Amino acid sequence: MKTGKLKKFTLSKIKEGSVIEYKYSVLSPYLGIDDWTFQSEIPKIKSEFDAAVLGNYKYHVRLIGYLNLDKDNPSIKKKCIYIDGVGEGACIIYSFGMYNVPAFKKE
């Protein structure tokens, strides 16, 4: 069961064919990361996913579908977190993206 907050917004003067851009961040104390869907029923100029996780955790990353990633840049950021009594720690930065992603077509 996914939990979280739902944030709704309207774009009152938007027209078909318009391009919208939005960005959001999630800060979570939980170990799991929700799935990211690059392709959906609407085409996308750019769809990116970036995650920073503690360096002592290892996540299994899997790509499902026939499209390839245009951006696949994992890296390590040293001193990205400080924990009282423990000190500084490193994070793994996962950075994925797809560009010019077509919409799913109804069959």
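Out of 97, 65, 55, I need the residue that is exposed (fewer than 11 other Cβ atoms within 10 Å of the Cβ) and either under 17 Å from the mean Cα position of the chain (by Cα) or without any contact (Cβ under 8 Å) to a residue 60 or more places away in the chain (or both). Which one? Full working, then the answer.
Numbers: 97 fails: exposed (fewer than 11 other Cβ atoms within 10 Å of the Cβ); 55 fails: exposed (fewer than 11 other Cβ atoms within 10 Å of the Cβ).
Matching residue, one of 97, 65, 55: 65.
Among the residues of the range 80-91, how many are more than 20 Å from residue 26 (Cα to Cα), open to solvent by 100 Å² or more (accessible area, probe 1.4 Å) and not in a loop (DSSP other than H, G, I, E, B)?
Within the range 80-91, residues that are more than 20 Å from residue 26 (Cα to Cα), open to solvent by 100 Å² or more (accessible area, probe 1.4 Å) and not in a loop (DSSP other than H, G, I, E, B) number 1.
Any idea which residue in the range 17-26 is nearest to residue 83 (Cα to Cα), counting only those that are over 12 Å from the mean Cα position of the chain (by Cα) and among the hydrophobic types (A, V, I, L, M, F, W, C)?
So the residue we want is 20.
Name every residue in the range 33-52 that is within 13 Å of the chain's Cα centre (by Cα) and exposed (fewer than 10 other Cβ atoms within 10 Å of the Cβ), in order of residue number.
Start the filter on the range 33-52 by keeping residues that are within 13 Å of the chain's Cα centre (by Cα), which leaves 33-39, 46-52.
Within the range 33-52, 35 is the sole residue that qualifies.
Looking at the range 68-79 only, could you name the residues that are aliphatic (A, V, I, L, M) and open to solvent by 90 Å² or more (accessible area, probe 1.4 Å)? Reasoning before the result, please.
If we filter the range 68-79 for residues that are aliphatic (A, V, I, L, M), which is where we start, we get 69, 76.
76, the sole residue that qualifies.
So which residues in the range 1-42 are of a type in the set (A, V, I, L, M) and either touching a residue at least 40 places away in the same chain (Cβ under 8 Å) or in contact with a His (Cβ under 7 Å, 6 or more places away or on another chain) (or both), if there are any at all? So that I can check it myself, show each step before the final result.
Step one: of the range 1-42, the residues of a type in the set (A, V, I, L, M) are 1, 6, 11, 14, 19-20, 26-27, 31, 33, 42.
Correct list: 42 only.
Looking for something in contact with a Leu (Cβ under 9 Å, 6 or more places away or on another chain) and loosely packed, with under 12 Cβ neighbours inside 10 Å - is there at least one such residue anywhere in the range 15-31?
To start, the set of residues in the range 15-31 that are in contact with a Leu (Cβ under 9 Å, 6 or more places away or on another chain) comprises 18, 20.
Now drop any that are not loosely packed, with under 12 Cβ neighbours inside 10 Å, which leaves 18, 20.
Checked the range 15-31: at least one residue is in contact with a Leu (Cβ under 9 Å, 6 or more places away or on another chain) and loosely packed, with under 12 Cβ neighbours inside 10 Å.
The values are calculated or read from the model by the stated rules, or taken from the named source; none is laboratory data. Values in this document were obtained by computation on a predicted structure and should not be read as measured data. Quick reminder, even Gly has a Cβ in these numbers, built from the backbone with ideal geometry, and neighbours come from all protein chains shown. Keep in mind that these areas ignore ligands, DNA and RNA; they rest on the heavy atoms of the full protein, side chains included. Shrake-Rupley method; radii C 1.70, N 1.55, O 1.52, S 1.80 Å.
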